[in-house]
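The values are calculated or read from the model by the stated rules, or taken from the named source; none is laboratory data. Because the structure is a prediction, the values reported are computed rather than measured. All Cβ positions, glycine included, derive from the backbone under ideal geometry; neighbour counts span all protein chains shown. What goes into the accessible areas is simple: the full protein's heavy atoms, side chains included, and nothing from ligands, DNA or RNA. Shrake-Rupley method; radii C 1.70, N 1.55, O 1.52, S 1.80 Å.
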Amino acid sequence: FSSVGSNSSLLLNIPPTLEGKVHPTDSIRLKEFGDYIRAAFAEDYAIGGDKNLRVEQGGSVTLDVKKGAKVNTIMVQEDIAKGQRVESFKAELLIGGQWIEIGRGTTIGYKRLLRFPATEAEKVRVTIESTRRTAEISRIGLYYCPELDGTASATKEYISSSSWSIADGTGKRLFDND
(Lines give C-alpha, C1' and ligand atoms only; values in the text may rest on other atoms or scores of the structure.)
Protein backbone atom coordinates (compact mmCIF):
# COMPACT_ATOMS: atom_id res chain seq x y z
CA PHE A 1 0.00 0.00 0.00
CA SER A 2 3.00 2.29 0.14
CA SER A 3 3.81 1.80 -3.55
CA VAL A 4 0.39 2.48 -5.10
CA GLY A 5 -2.62 4.60 -4.41
CA SER A 6 -0.60 7.74 -3.80
CA ASN A 7 -1.60 9.22 -7.13
CA SER A 8 1.04 7.17 -8.90
CA SER A 9 1.16 4.29 -11.35
CA LEU A 10 2.33 0.86 -10.33
CA LEU A 11 5.49 -0.20 -12.13
CA LEU A 12 5.64 -4.00 -12.03
CA ASN A 13 9.09 -4.11 -13.65
CA ILE A 14 8.72 -7.69 -14.89
CA PRO A 15 11.09 -8.34 -17.78
CA PRO A 16 10.50 -11.09 -20.33
CA THR A 17 12.72 -14.16 -20.48
CA LEU A 18 15.13 -14.60 -23.37
CA GLU A 19 12.31 -16.43 -25.13
CA GLY A 20 10.10 -13.34 -24.83
CA LYS A 21 7.77 -14.89 -22.25
CA VAL A 22 6.88 -14.05 -18.68
CA HIS A 23 8.87 -16.24 -16.30
CA PRO A 24 6.62 -18.89 -14.66
CA THR A 25 7.47 -17.61 -11.16
CA ASP A 26 6.50 -14.06 -12.18
CA SER A 27 3.32 -15.39 -13.77
CA ILE A 28 2.33 -17.12 -10.52
CA ARG A 29 3.01 -13.98 -8.47
CA LEU A 30 1.09 -11.78 -10.92
CA LYS A 31 -1.91 -14.11 -10.68
CA GLU A 32 -1.71 -14.04 -6.87
CA PHE A 33 -1.44 -10.25 -6.94
CA GLY A 34 -4.43 -9.94 -9.27
CA ASP A 35 -6.48 -12.32 -7.13
CA TYR A 36 -5.64 -10.26 -4.03
CA ILE A 37 -6.60 -6.95 -5.68
CA ARG A 38 -9.88 -8.36 -7.02
CA ALA A 39 -10.79 -9.84 -3.61
CA ALA A 40 -9.71 -6.81 -1.59
CA PHE A 41 -11.71 -4.32 -3.66
CA ALA A 42 -14.66 -6.56 -4.54
CA GLU A 43 -17.05 -5.01 -2.04
CA ASP A 44 -17.31 -1.31 -1.29
CA TYR A 45 -18.78 -0.77 2.18
CA ALA A 46 -19.37 2.98 1.74
CA ILE A 47 -22.94 3.66 0.65
CA GLY A 48 -23.29 6.19 -2.17
CA GLY A 49 -19.61 6.96 -2.69
CA ASP A 50 -19.65 5.96 -6.34
CA LYS A 51 -21.05 9.23 -7.70
CA ASN A 52 -19.39 12.49 -8.64
CA LEU A 53 -19.33 14.95 -5.79
CA ARG A 54 -18.38 18.64 -5.83
CA VAL A 55 -16.79 19.80 -2.57
CA GLU A 56 -15.72 23.33 -1.69
CA GLN A 57 -12.64 24.07 0.42
CA GLY A 58 -13.48 23.29 4.05
CA GLY A 59 -16.44 21.19 2.97
CA SER A 60 -16.91 17.51 3.61
CA VAL A 61 -18.74 14.46 2.31
CA THR A 62 -20.32 12.06 4.80
CA LEU A 63 -21.46 8.59 3.77
CA ASP A 64 -23.11 5.74 5.62
CA VAL A 65 -21.19 2.48 6.03
CA LYS A 66 -22.85 -0.91 5.59
CA LYS A 67 -23.85 -2.20 9.00
CA GLY A 68 -21.42 -4.66 10.56
CA ALA A 69 -18.77 -4.17 7.87
CA LYS A 70 -15.16 -4.49 8.97
CA VAL A 71 -13.01 -1.96 7.06
CA ASN A 72 -9.34 -1.01 6.96
CA THR A 73 -8.80 0.92 3.72
CA ILE A 74 -10.33 4.08 2.26
CA MET A 75 -10.09 4.95 -1.42
CA VAL A 76 -10.60 8.54 -2.57
CA GLN A 77 -10.49 9.54 -6.23
CA GLU A 78 -10.65 12.85 -8.07
CA ASP A 79 -12.18 13.33 -11.51
CA ILE A 80 -8.85 13.80 -13.25
CA ALA A 81 -10.56 14.96 -16.47
CA LYS A 82 -11.26 18.17 -14.54
CA GLY A 83 -7.75 18.39 -13.11
CA GLN A 84 -6.05 17.55 -9.86
CA ARG A 85 -7.32 20.12 -7.41
CA VAL A 86 -7.15 18.81 -3.83
CA GLU A 87 -4.12 20.04 -1.89
CA SER A 88 -4.98 18.52 1.51
CA PHE A 89 -7.72 16.37 2.99
CA LYS A 90 -8.54 14.21 5.99
CA ALA A 91 -10.62 11.07 6.41
CA GLU A 92 -12.59 10.12 9.52
CA LEU A 93 -14.84 7.30 10.69
CA LEU A 94 -17.78 7.62 13.05
CA ILE A 95 -17.21 4.89 15.63
CA GLY A 96 -19.49 4.62 18.65
CA GLY A 97 -20.82 8.13 18.03
CA GLN A 98 -17.34 9.73 17.90
CA TRP A 99 -15.42 10.90 14.82
CA ILE A 100 -11.95 9.32 14.68
CA GLU A 101 -9.36 10.51 12.17
CA ILE A 102 -8.03 7.58 10.16
CA GLY A 103 -5.72 9.45 7.83
CA ARG A 104 -4.85 12.59 5.98
CA GLY A 105 -3.00 13.46 2.87
CA THR A 106 -1.88 16.19 0.56
CA THR A 107 -3.04 15.32 -2.94
CA ILE A 108 -5.67 12.81 -4.01
CA GLY A 109 -5.28 12.75 -7.78
CA TYR A 110 -6.49 9.71 -9.70
CA LYS A 111 -6.52 7.49 -6.61
CA ARG A 112 -5.43 7.71 -3.00
CA LEU A 113 -5.51 4.71 -0.68
CA LEU A 114 -5.15 5.12 3.07
CA ARG A 115 -4.84 2.07 5.27
CA PHE A 116 -5.78 2.01 8.97
CA PRO A 117 -6.40 -0.62 11.67
CA ALA A 118 -9.46 -2.76 10.91
CA THR A 119 -12.64 -1.55 12.57
CA GLU A 120 -16.40 -1.28 12.21
CA ALA A 121 -17.88 2.17 11.62
CA GLU A 122 -21.24 3.84 11.19
CA LYS A 123 -20.14 6.58 8.77
CA VAL A 124 -17.14 7.83 6.82
CA ARG A 125 -16.32 11.50 6.27
CA VAL A 126 -13.81 13.07 3.91
CA THR A 127 -13.03 16.75 4.47
CA ILE A 128 -11.33 18.82 1.78
CA GLU A 129 -9.08 21.12 3.79
CA SER A 130 -7.41 22.85 0.86
CA THR A 131 -8.23 22.86 -2.86
CA ARG A 132 -7.30 24.99 -5.87
CA ARG A 133 -10.93 25.20 -7.01
CA THR A 134 -14.03 23.19 -6.19
CA ALA A 135 -12.87 19.60 -5.65
CA GLU A 136 -14.36 17.10 -8.08
CA ILE A 137 -14.45 13.82 -6.16
CA SER A 138 -15.36 10.86 -8.36
CA ARG A 139 -15.32 8.14 -5.69
CA ILE A 140 -15.07 7.47 -1.98
CA GLY A 141 -14.90 3.81 -1.06
CA LEU A 142 -14.31 1.74 2.07
CA TYR A 143 -12.84 -1.74 1.86
CA TYR A 144 -11.45 -4.56 3.91
CA CYS A 145 -8.07 -5.55 2.48
CA PRO A 146 -6.67 -8.68 4.14
CA GLU A 147 -3.17 -8.50 5.55
CA LEU A 148 -0.52 -9.90 3.26
CA ASP A 149 1.02 -13.04 4.72
CA GLY A 150 4.57 -12.30 3.58
CA THR A 151 5.15 -15.74 2.08
CA ALA A 152 6.10 -14.39 -1.35
CA SER A 153 9.87 -14.38 -1.59
CA ALA A 154 12.50 -14.83 -4.24
CA THR A 155 14.50 -18.02 -4.11
CA LYS A 156 18.22 -18.34 -4.74
CA GLU A 157 17.50 -20.55 -7.77
CA TYR A 158 15.27 -17.89 -9.26
CA ILE A 159 17.74 -15.04 -8.81
CA SER A 160 20.82 -17.08 -9.55
CA SER A 161 23.77 -15.03 -10.76
CA SER A 162 25.48 -18.00 -12.45
CA SER A 163 24.74 -16.70 -15.95
CA TRP A 164 25.72 -13.08 -15.22
CA SER A 165 28.85 -11.67 -16.78
CA ILE A 166 30.78 -8.49 -16.23
CA ALA A 167 32.13 -6.93 -19.42
CA ASP A 168 35.51 -5.93 -18.01
CA GLY A 169 35.77 -8.59 -15.31
CA THR A 170 35.71 -6.14 -12.39
CA GLY A 171 33.20 -6.66 -9.64
CA LYS A 172 32.83 -10.40 -10.28
CA ARG A 173 33.45 -11.15 -6.58
CA LEU A 174 30.41 -9.05 -5.72
CA PHE A 175 28.21 -11.61 -7.42
CA ASP A 176 30.12 -14.82 -6.74
CA ASN A 177 30.76 -14.41 -3.01
CA ASP A 178 27.40 -13.04 -1.80
Original post:
Karplus couplings for the range 94-101 from phi (6.51 cos²θ - 1.76 cosθ + 1.60, θ = phi - 60°), rounded to Hz, Gly and Pro as x?
Top reply: 8, 10, x, x, 10, 6, 10, 6
Subject >> Under 26 Å from Lys123, Cα to Cα: lysines that are on another chain or at least 8 residues apart >> reply: Lys51, Lys66, Lys67, Lys70, Lys90, Lys111
Subject >> Around Gln84: net Lys/Arg minus Asp/Glu count, Cβ-Cβ under 13 Å >> reply: +2
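For the range 1-138, what number results from the quotient of the Cα radius of gyration and 2.2 N^0.38 Å?
Against the compact-globule rule of thumb, the ratio is 1.22.
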**OP:** Working with all protein chains in place, sort Leu10, Leu114 by solvent-accessible area computed with a 1.4 Å probe, largest first.
**Re:** Leu10, Leu114
**OP:** Grab the Cα-Cα distance for Glu120 and Lys31, subtract it from 0.36 nm times how many residues apart they are, and report the gain in nm with one decimal.
**Re:** 29.0 nm
Original post:
In square angstrom, rounded to the nearest 10, how much accessible surface does Lys90 have for a 1.4 Å probe?
Top reply: 50 Å²
Subject >> Amide H within-cut-off set for Asp79, under 5 Å, with H built and near neighbours excluded >> reply: Glu136, Ile137, Ser138
Original post:
In nm², what is the average projected area of the convex hull enclosing the Cα atoms of the range 39-83?
Top reply: 4.3 nm²
**OP:** Quick one: what are the phi-derived ³J(HN,Hα) couplings along the range 49-55, Karplus 6.51/-1.76/1.60 with θ = phi - 60°, whole Hz, x for glycine and proline?
**Re:** x, 9, 10, 5, 10, 9, 10
Subject >> Peptide ranges 105-111, 30-36 listed from the most packed, as the mean C-beta count within 10 angstrom indicates >> reply: 105-111, 30-36
Original post:
Which far-off residues, 5 or more places away or on another chain, put their amide H under 5 Å from the one on Tyr144, with H placed in the peptide plane?
Top reply: Asn72
Subject >> Radius 14 Å from Cβ of Arg133, net charge of other residues (Lys, Arg +1; Asp, Glu -1) >> reply: -1
Original post:
What ³J(HN,Hα) values, in whole Hz, does the Karplus curve 6.51 cos²θ - 1.76 cosθ + 1.60 give for the range 141-149 when θ = phi - 60°, with x put for Gly and Pro?
Top reply: x, 10, 9, 10, 9, x, 5, 6, 7
